[in-house]
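**Student:** I have a structure here, written as structure tokens, and I will follow up with some questions on it.
The values are calculated or read from the model by the stated rules, or taken from the named source; none is laboratory data. Since this is a predicted model, take the numbers as computed values, not measurements. Backbone-built Cβ (ideal geometry, glycine too); neighbour counts: all protein chains shown. The accessibility values were calculated without ligands, DNA or RNA, using every heavy atom of the protein model including side chains. Shrake-Rupley method; radii C 1.70, N 1.55, O 1.52, S 1.80 Å.
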Amino acid sequence: MAEHILSYEQALDEVLKHARAVASPPAHERIDLLDALGHVLAEPVIAPRAHPPFDRSTRDGYAIRTEDFDALNAGQALRLIGSVRAGESWRGAELASGQAIEIMTGAPLPAGADAVIMLEHVVAENESLRLRQPRALRAGENFVARGSEARSGDVLLPAGCRIGPAEIAVAASCGAAQLTVFEQPKVAIIPTGDELVELSLSPQAALTDAQIYNSNSHALAALVRSEGASAGRLKIVPDDRQELFERIAQGSMWDMMLLSGGVSMGKHDLVEGVLAEFGAEFFFTGAKIQPGRPIVFGRVPKNGVVLSAKAEDRTSPAETPWQGEWTYFFGLPGNPISTQVCFHLFVAPMLRALAGETDIAPRFAEARLADHVRANPELTRFLPAELTSAFDAATIHLIGWQGSGDLAANARANCYCVLPPRDEDFTTGETVRVLLR
């Protein structure tokens, strides 16, 4: 099979092109508000009334008419005629000139008032109100006008947004005890390699010197769940073509398939060849990035083969054009940091689209580089780093690591420093992009 290696930008464009063309949104369901955390909204949340529904005080203080403020600044007093607190409305007559009403934060502004003077700026005694010292006050100050945040019928949360704590608060403010959300996509995770051993509570499950625990499968499951999808960790596949064929057939029944390992150029790297037997379409077979260069992206016919098919009986759907559904797949490098970087860069955008989300691109920020870093003229690098924030600037410091298998270094990082290909070294204080995770 011919290699098809793209730059990072080209590879991301290819993923986003397919992500935005996902044919139909997933099915949806109605669930309780807090259970919707992490899901994607399938129906918008509409404001049932104006927000706020009344002129709402933003300070503890006194509701007044600004036409009286010149008199206050001249040393005259206003007459206090009552008070109003959050959860109740003023029941007295409309505020007249020369009067003031004590008001609490969150309370409705009494009729006739057009500003709130803050508690700490006045002295209230003997049912009169005086300024501590002359100051300015404009109409509209220290309250939020009715409907200024939203009008009745406004869309407060559009369909396609992921539901986090802020969205939960908005929905609750509209009285939404339940939300309609898209069903979460189901992702099959297929770890490959003779060296892998599954975690076990059994003391007999000791590793040989040549074996390692199956960390990638667990990391990928955690990443998938963090994106609001459902993860299924399938059984480890040894470097055996028949077993890999059967596991890929099983994975093709899911909404997305993630294969870990087996995508490099070695004699026992079987993934691409077996995928080709399913009539897979390969959109790229590598990206000019570090780590993660061997990543593979494509799709296979959904349920395209019989699970237990034997090698001599196999027929490829590629013999005739496939008209049915597809399952997208990513073949991820076996090195764990490569796997996680590729997830954030490529898998997450596709997964967000399958979940019905509209904002799907990777999340980047900018920071000042704390280190001098040698350049690479060919690869876009995503290096483990620590992002620290001061009041005036964000700084990024590279984490010392021993390559893309260094899980401990990756755990000490909280982001990845993005270094595009170029000839000149990166210098301390230079502004660079940051891949958030």
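**Student:** Within the group Leu37, Leu80, Leu95, which residue is farther than 30 Å from Leu354 by Cα, touching a residue at least 40 places away in the same chain (Cβ under 8 Å) and not hydroxyl-bearing (Ser, Thr, Tyr)?
**Tutor:** Exactly one residue qualifies, and that residue is Leu80.
**Student:** Turning to a different aspect of this structure: Quick one: how many residues across the range 44-66 are open to solvent by 30 Å² or more (accessible area, probe 1.4 Å) and part of a loop (DSSP other than H, G, I, E, B)?
**Tutor:** Residues meeting the conditions: 10.
**Student:** Got at least one residue in the range 265-281 being of a type outside the set (A, V, I, L, M), assigned to a strand (DSSP E or B), touching a residue at least 12 places away in the same chain (Cβ under 8 Å) and touching a Leu at 6+ places or on another chain (Cβ under 8 Å)?
**Tutor:** Scanning the range 265-281 turns up no residue that is of a type outside the set (A, V, I, L, M), assigned to a strand (DSSP E or B), touching a residue at least 12 places away in the same chain (Cβ under 8 Å) and touching a Leu at 6+ places or on another chain (Cβ under 8 Å).
**Student:** Can you find even one residue in the range 270-283 that is surrounded by 20 or more Cβ atoms within 10 Å (Cβ to Cβ), among the small types (Gly, Ala, Ser) and within 21 Å of Pro185 (Cβ to Cβ)?
**Tutor:** yes
**Student:** Are any residues in the range 153-201 open to solvent by 50 Å² or more (accessible area, probe 1.4 Å), part of a loop (DSSP other than H, G, I, E, B) and either in contact with a strand residue (DSSP E or B) (Cβ under 9 Å, 6 or more places away or on another chain) or of a type in the set (Gly, Ala, Ser) (or both), and if so, which ones?
**Tutor:** Across the range 153-201, the qualifying residues are Pro158, Gly175, Ala177, Glu183, Gln184, Glu195, Glu198, Leu199, Ser200.
Yes/no matrix, rows are residues, columns are (1) outside any loop (DSSP other than H, G, I, E, B); (2) among the small types (Gly, Ala, Ser):
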site	(1), (2)
His18	yes, no
Pro26	no, no
Ile81	yes, no
Ala86	no, yes
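**Student:** Further question: Among (1) open to solvent by less than 50 Å² (accessible area, probe 1.4 Å); (2) more than 30 Å from Lys186 (Cβ to Cβ); (3) at pLDDT 95 or above, there is one condition Phe69 misses while meeting the rest; what is its number?
**Tutor:** Only one criterion in (1) open to solvent by less than 50 Å² (accessible area, probe 1.4 Å); (2) more than 30 Å from Lys186 (Cβ to Cβ); (3) at pLDDT 95 or above is unmet by Phe69, namely (3).
**Student:** Wholly within the range 364-437, which strands (runs of 3 or more DSSP E) include no fewer than the required count, namely at least 1 residues that are among the small types (Gly, Ala, Ser) and open to solvent by 60 Å² or more (accessible area, probe 1.4 Å)?
**Tutor:** It comes to 380-389.
**Student:** Also, I was wondering about something else. What residue, among those in the range 243-273 that are of a type in the set (S, T, N, Q) and under 25 Å from Glu325 (Cβ atoms), is nearest to the chain's Cα centre (by Cα)?
**Tutor:** Within the range 243-273, the match that is nearest to the chain's Cα centre (by Cα) is Ser260.
**Student:** Given (1) at pLDDT below 90; (2) buried (at least 22 other Cβ atoms within 10 Å of the Cβ); (3) touching a Pro at 6+ places or on another chain (Cβ under 9 Å); (4) not hydroxyl-bearing (Ser, Thr, Tyr), identify the lone condition not met by Gly262.
**Tutor:** Going through (1) at pLDDT below 90; (2) buried (at least 22 other Cβ atoms within 10 Å of the Cβ); (3) touching a Pro at 6+ places or on another chain (Cβ under 9 Å); (4) not hydroxyl-bearing (Ser, Thr, Tyr) one by one, Gly262 breaks only (3).
To keep it simple, each residue is scored yes or no on (1) modelled with pLDDT under 95; (2) aliphatic (A, V, I, L, M).
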{"site": "Ala249", "(1), (2)": "yes, yes"}
{"site": "Phe284", "(1), (2)": "no, no"}
{"site": "Ser308", "(1), (2)": "yes, no"}
{"site": "Pro317", "(1), (2)": "yes, no"}
{"site": "Tyr328", "(1), (2)": "no, no"}
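**Student:** Please give the number of the condition Ile360 fails out of (1) touching a strand residue (DSSP E or B) at 6+ places or on another chain (Cβ under 9 Å); (2) buried (at least 18 other Cβ atoms within 10 Å of the Cβ).
**Tutor:** Here Ile360 meets the rest and fails (1).
**Student:** Going residue by residue through the range 122-132, is there one that turns out to be within 25 Å of Ala47 (Cβ to Cβ), surrounded by 13 or more Cβ atoms within 10 Å (Cβ to Cβ) and out of contact with any Ser or Thr (no Cβ under 7 Å at 6 or more places or on another chain)?
**Tutor:** For the range 122-132, residues within 25 Å of Ala47 (Cβ to Cβ), surrounded by 13 or more Cβ atoms within 10 Å (Cβ to Cβ) and out of contact with any Ser or Thr (no Cβ under 7 Å at 6 or more places or on another chain): absent.
**Student:** In the range 87-114, which residues are buried (at least 22 other Cβ atoms within 10 Å of the Cβ) and small (Gly, Ala, Ser)?
**Tutor:** Ala100, Ala107, Ala113
**Student:** In this structure, does Arg352 turn out to be open to solvent by 30 Å² or more (accessible area, probe 1.4 Å), of a type outside the set (Ser, Thr, Tyr) and closer than 23 Å to Asn216 by Cα?
**Tutor:** Judged against the criteria, Arg352 is not a match.
**Student:** Quick check on my filter: what residues within the range 197-241 are more than 17 Å from Arg352 (Cα to Cα), among the aliphatic types (A, V, I, L, M) and without any contact (Cβ under 8 Å) to a residue 60 or more places away in the chain?
**Tutor:** Val197, Leu199, Leu201, Ala205, Ala206, Leu207, Ala210, Ile212, Leu234, Ile236, Val237
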